[in-house]
Amino acid sequence: MDAATASRGPALGPLELTGRARSHVVELADPRCVLHREVVGPWLALRAAAARAGIDLVPGSSFRDFEQQLRIWNAKFRGERALLDPSGTPLDASALDEAGRVEAILHWSALPGASRHHWGTEIDVIDAAALPSGQRPALVPAEYAAGGIFARLGTWLDACAGEFGFYRPYDIYRGGVQPEPWHLSYAPVARRAEALLTPGLLAEALAGADMAGREAVLARLGDIHARYVRAVASPAEAVLVAARRISPPASSS
Ligand SMILES: [Zn+2]
């Protein structure tokens with residue numbers, strides 16, 4: 001009933017934007033993932049095109065909710081889970097003050113409420129056909145660069161992801177998130193979400209959470225928002241045009 005209305009207006013409400021609701025996402029069984037309802041069609045089309053090129057596009061992480069992100073955050077803050085510097089070297093959480101721990105966590109993990117994965121528009125992908133059996137992907141940029149096991153996937157995504165409305169928000173380092181060549185974003189919906197996720201909305205999401213280091217986060221929330229939410233690549237106009245062609249707004253299924 002309200003699906004058609006929702007796909008016309010702002011795609012995500014405050015709880016959906018911050019991962020505190022699941023009303024915007026649907027679960028797919030094959031391949032297993034959880035996506036915003038507007039992303040399902042484009043994702044399956046992208047996957048089918050990849051298959052024709054001999055690539056088995058498999059989703060690692062797709063939708064993640066606020067609670068999952070909060071568990072990761074708290075475990076890292078308390079030193080129960082590895083804290084790494086930007087080069088991947090382990091840090092001693094107990095040797096850092098609260099601000100230092102916040103900074104260190106943000107190198108590799110999003111602030112709860114501020115993960116693009118909350119939107120259901122983001123998918124981390126690998127090429128299962130290129131992965132030697134028994135090997136797990138490390139999810140490091142080198143795997144997707146020339147000579148890496150997913151180099152062919154990286155090149156194919158450069159050439160083809162845009163035709164299906166997908167782009168890579170973490171293409172290069174822009175002062176916040178490290179480059180993530182595996183991270184795809186569905187442009188039309190993600191762009192709307194990006195505009196709606198304000199520092200005020202984030203503060204509201206954190207207010208009710210049992211989060212370690214919250215005061216240190218709130219003290220610099222504007223800076224965190226600028227570096228980790230806003231400092232991302234923008235989709236090319238051609239990507240948005242392609243998305244409208246593939247999945248016209250407020251129509252069909
Ligand atoms: Zn990701």
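The values are calculated or read from the model by the stated rules, or taken from the named source; none is laboratory data. Here the structure is a predicted model, which is why all the values come from computation and not from measurement. Methodologically, a virtual Cβ is constructed for each residue, glycine included, from the backbone with ideal geometry; neighbour enumeration extends over all protein chains shown. Note: areas computed on protein heavy atoms with side chains; ligands, DNA, RNA excluded. Shrake-Rupley method; radii C 1.70, N 1.55, O 1.52, S 1.80 Å.
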Going residue by residue through the range 147-157, the Karplus relation 6.51 cos²θ - 1.76 cosθ + 1.60 with θ = phi - 60° gives ³J(HN,Hα) values, rounded to whole Hz and with x marking Gly or Pro, of x, x, 5, 10, 4, 5, 4, x, 5, 5, 5
Whole-Hz Karplus couplings 3J(HN,Hα) for the range 112-117, θ = phi - 60° and coefficients 6.51, -1.76, 1.60, Gly and Pro as x, run x, x, 10, 7, 5, 5
The farthest towards the positive end of the charge dipole of the range 56-116, of the residues 112, 82, 95, given +1 on Cβ of Lys and Arg and -1 on Cβ of Asp and Glu, is 112
With the 8 Å Cα cutoff and a minimum separation of six or more residues, the chain has a relative contact order in percent of 24
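If I compute solvent accessible area with a 1.4 Å probe over the protein chains, what percent of it on the range 47-143 is carbon and sulfur?
The computed percentage sits at 52.
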For residue 142 and residue 172, extending 7 Å from Cα along the Cα-Cβ vector and measuring point to point gives, in nm, a value of 2.2
Counting only protein heavy atoms and rolling a 1.4 Å probe, one gets per residue an accessible area for the range 1-149 in Å² of 47
For the pair residue 92 and residue 227, the simple spin-label estimate (label points 7 Å beyond Cα toward Cβ) gives in nm 2.3
Sorted by chain and number, the residues with a modelled amide H under 5 Å from that of residue 126, at a separation of 5 or more or across chains, are 58, 60
Per the Cα gyration tensor, the chain corresponds to an equivalent ellipsoid with semi-axes, largest first in Å, of 29, 24, 15
Length gained, residue 49-residue 198, 0.36 nm per residue minus C-alpha separation, equals 50.1 nm
Share of accessible surface on carbon and sulfur in the range 145-250, whole %, 1.4 Å probe and ligands ignored, is 56
